[in-house]
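The values are calculated or read from the model by the stated rules, or taken from the named source; none is laboratory data. Treat the numbers as computed from the prediction; the structure is a model and nothing was measured. Cβ placement follows ideal geometry from the backbone for every residue including glycine, while neighbour counts extend to all protein chains displayed.
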Amino acid sequence: MNKSEKFWDRMSKTFDKPTKSKKPKLNTAVEKARTHLRPCDIILDYGCATGTKTLEIANAVKETHAIDISSKMIDIAKRKAGEQKIENVHFRQSSIFDKKYENGSFDVILAFNILHLLVDTHKVLKRINDLLKPGALFISTTPCMGEKMKWLNIFIHPLSKIGILPEITFFKVAEMGNLITDNNFTIIESEIPPKDAHSYYVVAKKQA
């Protein structure tokens, strides 16, 4: 078990607990993503955590495969699916490089708040492109703190090395956009964060 897996296993215990700062938001990433989904779609939710967003989307598509590196996150997600009697979602502790998933398998791949936590984002985006059908969609949200909060890395980097925090890349919005387009995608919709937020929302289509 690597440091990231251990960290997210620990986080699973409190991941779904609300905080005072969490307030209901209109036009969330899930709501926006649903406008691009079809009842015939087979999708992959990469980095699904405890499955909250996955299950909110499940009734909009035919079938969902949802993966996370944390077995404890997946256990919680499976329990939620059972409680909600949702049967078209398949939760699995796995990585995006699982050989179970063949190239050209998915109509849509979702990646909510995961790309900044990867060791090699470029490699993962290439794999995501391979897994999608021609013309299929990649929908992501990514905290892009490179413009305003890069100074935090001075404190975060040492803690990530010893496993107290996960590895975090402080992307700039332009860097994230370029990473996506450099991996054979065309961005068809995006939302640049307002002054008080950092999450960059992108819908990108796999080029033929």
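Tabulated data for the structure shown
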item	result
Test: residue in the stretch 52-67 that is surrounded by fewer than 17 Cβ atoms within 10 Å (Cβ to Cβ), touching a residue at least 24 places away in the same chain (Cβ under 8 Å) and not in a helix (DSSP H, G or I)	yes
Residues being without any contact (Cβ under 8 Å) to a residue 60 or more places away in the chain and assigned to a loop (DSSP other than H, G, I, E, B) - total across the stretch 110-120	3
Those residues of the stretch 85-99 which are of a type in the set (A, V, I, L, M, F, W, C) and surrounded by fewer than 15 Cβ atoms within 10 Å (Cβ to Cβ), in sequence order	F97
Filtered residue count, the stretch 168-208, keeping only those that are modelled with pLDDT under 90 and either assigned to a helix (DSSP H, G or I) or not basic (K, R) (or both)	11
Residue list for the stretch 33-51, filter: in a helix (DSSP H, G or I) and either basic (K, R) or without any contact (Cβ under 8 Å) to a residue 40 or more places away in the chain (or both)	R34
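A quick yes/no check of all residues on (1) assigned to a loop (DSSP other than H, G, I, E, B); (2) among the aromatic types (F, W, Y); (3) touching a Pro at 6+ places or on another chain (Cβ under 7 Å):
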{"position": "I76", "(1), (2), (3)": "no, no, no"}
{"position": "K80", "(1), (2), (3)": "no, no, no"}
{"position": "F91", "(1), (2), (3)": "no, yes, no"}
{"position": "S95", "(1), (2), (3)": "yes, no, no"}
{"position": "Y101", "(1), (2), (3)": "yes, yes, no"}
{"position": "V108", "(1), (2), (3)": "no, no, no"}
{"position": "L125", "(1), (2), (3)": "no, no, no"}
{"position": "N129", "(1), (2), (3)": "no, no, no"}
